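The structure appears right after this line, and notes come after that.
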Amino acid sequence: MEHAESLPPSDHDTVRAVQWQGDHLRLLDQRRLPFDEAWVDCRDANAVAEAISDLVVRGAPAIGIAAAWGVVLAAQSGDDLDAALARLRAARPTAVNLMWALDRMRGCIDAGADAAALAREAQAIQDEDLAANRAMGAMGAALIQPGSGVLTHCNTGSLATAGFGTALGVIRAGYASASIARVFAGETRPWLQGARLTMWELQRDGIPATLIADSAASHLMKAGEVQWVIVGADRIAANGDTANKIGTYQLAIAAKHHGVKFMVVAPSTTVDMATPSGDDIHIELRDPLELLSHAGQRTVAENALAWNPVFDVTPHDLIDVLVTERGVITSPDATALRAMFGASGSH
Ligand code: MRU
């Protein structure tokens, strides 16, 4: 079978973290990066669901793709497909790409698809994501003035997608075309997707980047170092409100204050027209221990409390541009999203 990962990687894009092996799914273990490049082999849908919950694989498009392959594994071994779909769907709540991919696989099952047909569908989901990212990269980079500095948050690159990335795809394309001269990445406390994953991915792909503490972002903007904040999304509501990694909202507020432009980059599979506004998005709360410890070592006094929401919602009026593979929306709102995605969107 042809794999997305067997396509020739373009410049500055070498990582493929989700790899179908014919009878199992191989995932680059993102909990262990940057120092260990270890792989986890998932041989059934439960193992895929666990890998998604435990952040072996993370990033909205990547968890949708992995879940689609989880359905294929269930079909190959004759497992109860309803149970597998339910288990995968419950793995994480916020990124709608997960539900979108499972709904698409469900549609194929209902149409009588066998394991081989389901594998073709999962591969199509993966290939379409890579193509969407390349298209968004070109469109987003074209909006950026030559010589600009950009700040990104979390990891939205090849690790988080089928390849190339969403926000990081724009940065890849912008760096290749010299519209982007400086890249800053916020460390993304508490799980450190920016520090551990984005810095590793950019370094590996030959794109110089500078790490900042999340709390240095306003100071960086005030210093005039960045002209754009570029982020991905986990779910975009029908009015343009956007759920993304915790800390995104405060970046949008700071960007508005400093006259820095704010760009959201996400495939149409992240747009959820069935969710009217950001208030209706389920924000995942994770184990407070992720905040109370670092690398397995407790860093906060015993018995201290911690609150660990891992996403927040940026209101649409703080977003200057939304880039999807269907096109660019300036000042996204309910009217503009309905015009591009219809009343029910792709879900
Ligand atoms: O908790 P994570 O690491 O899965 O969160 C990922 C993000 O918030 C990303 O910014 C988002 O999924 C976009 S990935 C292309």
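From Cα pairs below 8 angstrom and at least 6 apart in sequence, can you work out the relative contact order of the chain, rounded to a whole percent? Don't skip to the end; give the middle numbers.
Numbers: 763 pairs, mean separation 55.4, N = 347.
About 16 percent, as a whole number.
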Express the accessible area of the range 133-341 per residue in Å², computed with a 1.4 Å probe while the remaining protein chains stay in the model.
39
Using θ = phi - 60° and Karplus 6.51 cos²θ - 1.76 cosθ + 1.60, couplings along the range 49-60 (whole Hz; Gly, Pro as x)
4, 5, 5, 5, 4, 8, 6, 4, 10, 8, x, 3
Longest exposed-site-free window of the chain, the sites being GluC sites (Glu not before Pro) in a DSSP loop that have at most 12 other C-beta atoms within 10 Å:
38-301
For Ser277, enumerate residues with amide H under 5 Å from its amide H, sequence gap 5+ or separate chain, H modeled in the peptide plane.
Ala238
Reach of Lys222 by Cα under 18 Å, taken over lysines that are not fewer than 8 positions away in the same chain
Lys256, Lys261
For the range 133-341, what log10 I(q)/I(0) values come out of the Debye formula at q = 0.07, 0.10, 0.13 1/Å, with one point per alpha carbon and no solvent?
-0.19, -0.40, -0.67
Does anyone have the angle between helix 248-258 and the longest principal axis of the chain? Alpha-carbon axes, 0 to 90°, nearest 10?
20
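Of the accessible area of the chain, with the probe set at 1.4 angstrom, what percent is carbon plus sulfur? Show your work: numbers first, answer last.
Numbers: 7120 of 13600 Å².
C and S atoms contribute 52 percent here.
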Derived scalar couplings ³J(HN,Hα) [the range 225-239; Karplus, 6.51 cos²θ - 1.76 cosθ + 1.60; whole Hz; x for Gly, Pro]:
6, 10, 9, 9, 9, 10, 10, x, 7, 9, 7, 10, 6, 4, 9
Enter the accessible area per residue of the range 2-132 (Å², integer; probe 1.4 Å; all protein chains in place).
39
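The values are calculated or read from the model by the stated rules, or taken from the named source; none is laboratory data. These figures come from a predicted structure and were not determined experimentally. Reconstructed Cβ throughout: ideal geometry from the backbone, glycine too, with neighbour counts over all protein chains shown. With ligands, DNA and RNA removed, areas are computed over all heavy atoms of the protein, side chains included. Shrake-Rupley method; radii C 1.70, N 1.55, O 1.52, S 1.80 Å.
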